[in-house]
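A.B. asks: Structure below; questions to follow.
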There are 4 protein chains.
Amino acid sequence: MSLNSPLGAETVNGDGFGFGWYAEDAAAGAAPFVFRSTEPAWNDVNLREISRSLRSPLFFAHIRAAAAPPIQQTNCHPFRHDNWLFMHNGAIAGFSRIKRDLVLDVDPELYPTIQGTTDSEVLFHLALTMGLTDDPVRAMGDAIRRVEAAGQAVDIPFPMQGTIAVSDGHTLWAFRYSTQGRTRTLFHSTDIPTLRHMYPDAERLSAFGDHAQVVVSEPLNDLPGAFVEVGESTVVILDGTGYRHQPFLAA
Amino acid sequence: MSLNSPLGAETVNGDGFGFGWYAEDAAAGAAPFVFRSTEPAWNDVNLREISRSLRSPLFFAHIRAAAAPPIQQTNCHPFRHDNWLFMHNGAIAGFSRIKRDLVLDVDPELYPTIQGTTDSEVLFHLALTMGLTDDPVRAMGDAIRRVEAAGQAVDIPFPMQGTIAVSDGHTLWAFRYSTQGRTRTLFHSTDIPTLRHMYPDAERLSAFGDHAQVVVSEPLNDLPGAFVEVGESTVVILDGTGYRHQPFLAA
Amino acid sequence: MSLNSPLGAETVNGDGFGFGWYAEDAAAGAAPFVFRSTEPAWNDVNLREISRSLRSPLFFAHIRAAAAPPIQQTNCHPFRHDNWLFMHNGAIAGFSRIKRDLVLDVDPELYPTIQGTTDSEVLFHLALTMGLTDDPVRAMGDAIRRVEAAGQAVDIPFPMQGTIAVSDGHTLWAFRYSTQGRTRTLFHSTDIPTLRHMYPDAERLSAFGDHAQVVVSEPLNDLPGAFVEVGESTVVILDGTGYRHQPFLAA
Amino acid sequence: MSLNSPLGAETVNGDGFGFGWYAEDAAAGAAPFVFRSTEPAWNDVNLREISRSLRSPLFFAHIRAAAAPPIQQTNCHPFRHDNWLFMHNGAIAGFSRIKRDLVLDVDPELYPTIQGTTDSEVLFHLALTMGLTDDPVRAMGDAIRRVEAAGQAVDIPFPMQGTIAVSDGHTLWAFRYSTQGRTRTLFHSTDIPTLRHMYPDAERLSAFGDHAQVVVSEPLNDLPGAFVEVGESTVVILDGTGYRHQPFLAA
């Protein structure tokens, strides 16, 4: 399995960026590396150097568009815990009103590792508290339900919004869910050799290896058939056997 | 005379920003202060603090959109020399091909004060070399003619593009000129009390003092009559007596 | 009253800096301004510009030496709440073990304004919770006692260490206290005209105005009599009537 | 051949850092990668991630102590040209007085690639102009002689100072030279297996691979015999056959 994320492709956001990657020859359970920066990605010369030099069988990339300051490294995705990476494209509505309530539910052992001020990092810690490393789908669902309960207690109508990617270095879980049922989009690539066969002249495919598998918020090209949309209230699971779609918090 | 530039109003560019300001009670010939940053302006908390706290009878503000790296403070406008400020919204076409030629024309005494890599800073130093502090209009014209000659020698059809603002702390000169005769726009405000009389209900005017005079690349509001466009090949001179428009490098 | 802090004088630390200042003509209760940066102070060109341009009857300056990352603006002192400024030179021992416990004691209304990860900001919020704006000396004492109780509950022998400065824009409270009774030093200046009379040739005094009053962690010069040490377990209160020393959490 | 530079070992300087590295499986003549930052190295979390994740048969690391601003990425070492890396620990005395003179001698084709303001980058470009990629020792000598001539023409007694490292990805040249004959120190490691044999209990050696070869400004440990000083006016050449010392600009 290989994930090639299009670094630099989503440069409309300028409030920092980050990427996380697992080493090519990492032992099972080895922690990934993380690089996060508050610079706009588009002109960051270090980003270019590192993205050209890295090889990784699985990596995450994220470009942040902050609702507000603070712009700081500790608010940039992905977040890491042991061998796990987490990133979130979305928001918890009314977060400042329920942050304290949610943080109180984080395992006191995990509490000191919260370093930034984002809703996403708290959501990650809630999911860890609820067993993310044992059963990612159930724990992610429980964490989101907790957010929804906290929000609804203070009359926030649609607390949860967003797509979420989580990995342990071997499997990737990508969630699409919002309380309102109007979630930001999520796509994954189809089989690259098949695409090459369909579009022998498409130069845009040349950037991908034969085994590349890409999960993205927007299709990277407009070739019909190249990207599959992940449905609302769905988790897509990617491992050595390919993609599986499952209902997630479906009504 | 007072210039109030709309800090934060032009935040579509994210490759740094800068501002320069003269002190309220500065002696004649006193150097202005300069603050330049490579952060995107929109979420810069220090920028908000400083712009709220400063009072100045005359200040410059600039948001940079870089064609390319390096993104560094020394490439941010405005540039300063003694009591002079300079900023440029535009570009010298093919600059890398003529930079050396232009830099050689800079007074060797001034050469060491070039700190960045931009076309704009070299243009400022050329104008200083040609007598900017004695006769800004003539020297700015000579510097631009020098750029055009260097460019045309290597077949760059339209070397010069842009609007330029220069001040000694008392008078402001704002130039609009391009070799091609298709220059980025330049506007200045009209009399604020008259505008208030015309638009007694316009809340947008409440941000301006009665003596505010604003020179900008785009009108700050769409009130008819509020902003006057400066024509092609024109310099507008602002001092205690108001605005004067003069031809500048007109054919 | 005037406080002139020696910006740039304590540049041995390189993990960011900050300063906060009240405007010259501020109304009672007006919020101060804050500028905080993660750059090392010694070569920060913006710092030089701003410190040369600002005039303020009362300002704070702080150079941070972080025990560890994250180095981020939100971890730089001073911290601000309405018209109050707070800074701390020291540490809470074993903070990661008691942080959650202390944060739970912060007023839920104030909780969302915690933006960084430092012990100092939590201490400030504890003191605000305990009535800092009504009775600074009592509230600061209560907050420190709370820290000590939390620390001692997990066998941290000496939880509190440091000097603290707090102001509402008119009065400055400077505390020196540590659980162990071995606190970092704290000094304040004596009467400048008297010093000038004692040392008519001392050029080092020329940087200070006649009404300058300076509270610092280290004496700024070695003129005998120029700086008075604040004792252990003492708060010094500076207002229009001069300095007063009072016992603070004395055994 | 392997160079392992002690990232983080020389953290007394806080004006930025940089490193450059050749890929493990790079083709002959492949360009190295460069990462440069203006952050102090000691608390830079990205530096830790990248230095832990990178594997390279040959890399450079540099910690900058700037004499003055500007602190900017383009002033951080190492500098790169095609497959060459260059770094300099030292200074050209009176550089601002001879910079223009030296820059005029840089090949006009190379001139546009000068991005920063340092003496070191100009020295690198002078050496490139004089044939560094064909004959590094002769070209480096010619460049230094050019610097000395320019300096002596304006009565700078000792223009050149420093140690310099240059590589094409296969061979490393490390120069120690100053006009005054009092150059900053330069050392290289000796044979690691021999050292292990001599000091079977030395834990400090465990960080080094058997084939590690280290060229440094200061010995990394105090084991007698572990580091060899490179003499004044000497170049040490490191390739697959080990170290060779040659006279360089010796009187």
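A.B. asks: How many residues does segment C:26-61 contain that are at the interface with chain B (Cβ under 9 Å from one of its Cβ atoms), in a strand (DSSP E or B) and of a type in the set (A, V, I, L, M, F, W, C)?
C.D. replies: 3
A.B. asks: Something else now. May I ask you to list the residues in segment C:83-97 that are closer than 19 Å to C:Thr185 by Cα and in a strand (DSSP E or B)?
C.D. replies: Within segment C:83-97, the subset closer than 19 Å to C:Thr185 by Cα is C:86-93.
If the condition is that a residue be closer than 19 Å to C:Thr185 by Cα and in a strand (DSSP E or B), then C:Phe86, C:Met87, C:His88, C:Asn89, C:Gly90, C:Ala91, C:Ile92 are the ones that fit.
A.B. asks: Ok, one more. Can you report the number of residues in segment C:125-140 which are over 17 Å from C:Phe248 (Cα atoms) and either touching a strand residue (DSSP E or B) at 6+ places or on another chain (Cβ under 9 Å) or surrounded by 22 or more Cβ atoms within 10 Å (Cβ to Cβ) (or both)?
C.D. replies: Within segment C:125-140, residues that are over 17 Å from C:Phe248 (Cα atoms) and either touching a strand residue (DSSP E or B) at 6+ places or on another chain (Cβ under 9 Å) or surrounded by 22 or more Cβ atoms within 10 Å (Cβ to Cβ) (or both) number 4.
A.B. asks: I would also like to ask the following. Exactly one of these conditions fails for D:Glu109: (1) touching a Phe, Trp or Tyr at 6+ places or on another chain (Cβ under 7 Å); (2) surrounded by fewer than 20 Cβ atoms within 10 Å (Cβ to Cβ); (3) not aromatic (Phe, Trp, Tyr). Give me its number.
C.D. replies: Status for D:Glu109: all satisfied but (1).
A.B. asks: Counting only residues that are assigned to a loop (DSSP other than H, G, I, E, B) and β-branched (Val, Ile, Thr), which one in segment B:113-124 is surrounded by the fewest Cβ atoms within 10 Å (Cβ to Cβ)?
C.D. replies: From segment B:113-124, those assigned to a loop (DSSP other than H, G, I, E, B) are B:114-118; that's our starting set.
Checking the rest, the ones that are also β-branched (Val, Ile, Thr) come to B:114, B:117-118.
Numbers: B:Ile114: 19, B:Thr117: 23, B:Thr118: 25.
It comes out as B:Ile114.
A.B. asks: Surrounded by fewer than 23 Cβ atoms within 10 Å (Cβ to Cβ), modelled with pLDDT of 90 or more and either facing chain C (nearest Cβ under 10 Å) or not in a loop (DSSP other than H, G, I, E, B) (or both), is that true of B:Ala23? Can you show your working first?
C.D. replies: Numbers: surrounded by fewer than 23 Cβ atoms within 10 Å (Cβ to Cβ): yes; modelled with pLDDT of 90 or more: yes; either facing chain C (nearest Cβ under 10 Å) or not in a loop (DSSP other than H, G, I, E, B) (or both): yes.
Yes, satisfied.
A.B. asks: Just give me the residues in segment B:223-241 being in contact (Cβ under 8 Å) with a residue 24 or more places away in the chain and either surrounded by fewer than 14 Cβ atoms within 10 Å (Cβ to Cβ) or not in a loop (DSSP other than H, G, I, E, B) (or both), in sequence order. Reasoning before the result, please.
C.D. replies: Quick first cut of segment B:223-241, residues in contact (Cβ under 8 Å) with a residue 24 or more places away in the chain only: B:223, B:225-240.
Passing the criteria: B:Gly225, B:Phe227, B:Val228, B:Glu229, B:Thr234, B:Val235, B:Val236, B:Ile237, B:Leu238, B:Asp239, B:Gly240.
A.B. asks: Right, another one. So which residues in segment D:182-194 are farther than 24 Å from D:Asp135 by Cα and surrounded by 20 or more Cβ atoms within 10 Å (Cβ to Cβ)?
C.D. replies: The answer is D:Ser189, and nothing else.
A.B. asks: From the list B:Arg80, B:Arg100, exactly one residue is assigned to a strand (DSSP E or B) and buried (at least 17 other Cβ atoms within 10 Å of the Cβ). Which is it?
C.D. replies: Details: B:Arg100 fails: assigned to a strand (DSSP E or B).
Selected residue: B:Arg80, the only one of B:Arg80, B:Arg100 that is assigned to a strand (DSSP E or B) and buried (at least 17 other Cβ atoms within 10 Å of the Cβ).
A.B. asks: Now, a different point. Please state which one of B:Gly162, B:Gly151 is surrounded by 17 or more Cβ atoms within 10 Å (Cβ to Cβ), of a type outside the set (Asp, Glu) and more than 25 Å from B:Leu85 (Cβ to Cβ).
C.D. replies: Of B:Gly162, B:Gly151, the one residue that is surrounded by 17 or more Cβ atoms within 10 Å (Cβ to Cβ), of a type outside the set (Asp, Glu) and more than 25 Å from B:Leu85 (Cβ to Cβ) is B:Gly151.
A.B. asks: Working only within segment D:186-206, note down all residues that are modelled with pLDDT of 85 or more and of a type outside the set (Ser, Thr, Tyr). Quick ask: steps written out before the conclusion?
C.D. replies: Here is the first cut: in segment D:186-206, the ones modelled with pLDDT of 85 or more are D:186-190.
Passing the criteria: D:Leu186, D:Phe187, D:His188.
A.B. asks: Go through (1) surrounded by fewer than 22 Cβ atoms within 10 Å (Cβ to Cβ); (2) closer than 24 Å to A:Trp84 by Cβ and name the single condition A:Thr179 misses.
C.D. replies: (2)
A.B. asks: Report every pair of residues separated by at least 6 positions or lying on different chains whose Cβ atoms are under 9 Å apart, first residue within segment A:95-113 and within 7 Å of chain C (Cβ to nearest Cβ), second part of a loop (DSSP other than H, G, I, E, B).
C.D. replies: A:Lys99/A:Thr117; A:Arg100/C:Val106; A:Arg100/C:Pro108
A.B. asks: Of the residues A:Gly141, A:Gly181, A:Gly151, which single one is more than 16 Å from the chain's Cα centre (by Cα), within 20 Å of A:His88 (Cα to Cα) and part of a helix (DSSP H, G or I)?
C.D. replies: On the way: A:Gly141 fails: more than 16 Å from the chain's Cα centre (by Cα); A:Gly181 fails: part of a helix (DSSP H, G or I).
Going through A:Gly141, A:Gly181, A:Gly151 in turn, just one is more than 16 Å from the chain's Cα centre (by Cα), within 20 Å of A:His88 (Cα to Cα) and part of a helix (DSSP H, G or I): A:Gly151.
A.B. asks: Regarding C:Asp210, is this residue surrounded by fewer than 19 Cβ atoms within 10 Å (Cβ to Cβ), in a loop (DSSP other than H, G, I, E, B) and out of contact with any helix residue (DSSP H, G or I) (no Cβ under 8 Å at 6 or more places or on another chain)? Full working, then the answer.
C.D. replies: Values: surrounded by fewer than 19 Cβ atoms within 10 Å (Cβ to Cβ): yes; in a loop (DSSP other than H, G, I, E, B): yes; out of contact with any helix residue (DSSP H, G or I) (no Cβ under 8 Å at 6 or more places or on another chain): no.
Against the criterion (surrounded by fewer than 19 Cβ atoms within 10 Å (Cβ to Cβ), in a loop (DSSP other than H, G, I, E, B) and out of contact with any helix residue (DSSP H, G or I) (no Cβ under 8 Å at 6 or more places or on another chain)), C:Asp210 does not qualify.
A.B. asks: Scan (1) modelled with pLDDT of 95 or more; (2) not small (Gly, Ala, Ser); (3) not in a strand (DSSP E or B) for the single condition A:Thr74 breaks and write down its number.
C.D. replies: (1)
The values are calculated or read from the model by the stated rules, or taken from the named source; none is laboratory data. Keep in mind that what you see is a predicted model, and the values were worked out from it rather than measured. Positions of Cβ are generated from backbone atoms using ideal geometry, with glycine treated the same way; all protein chains shown enter the neighbour counts.
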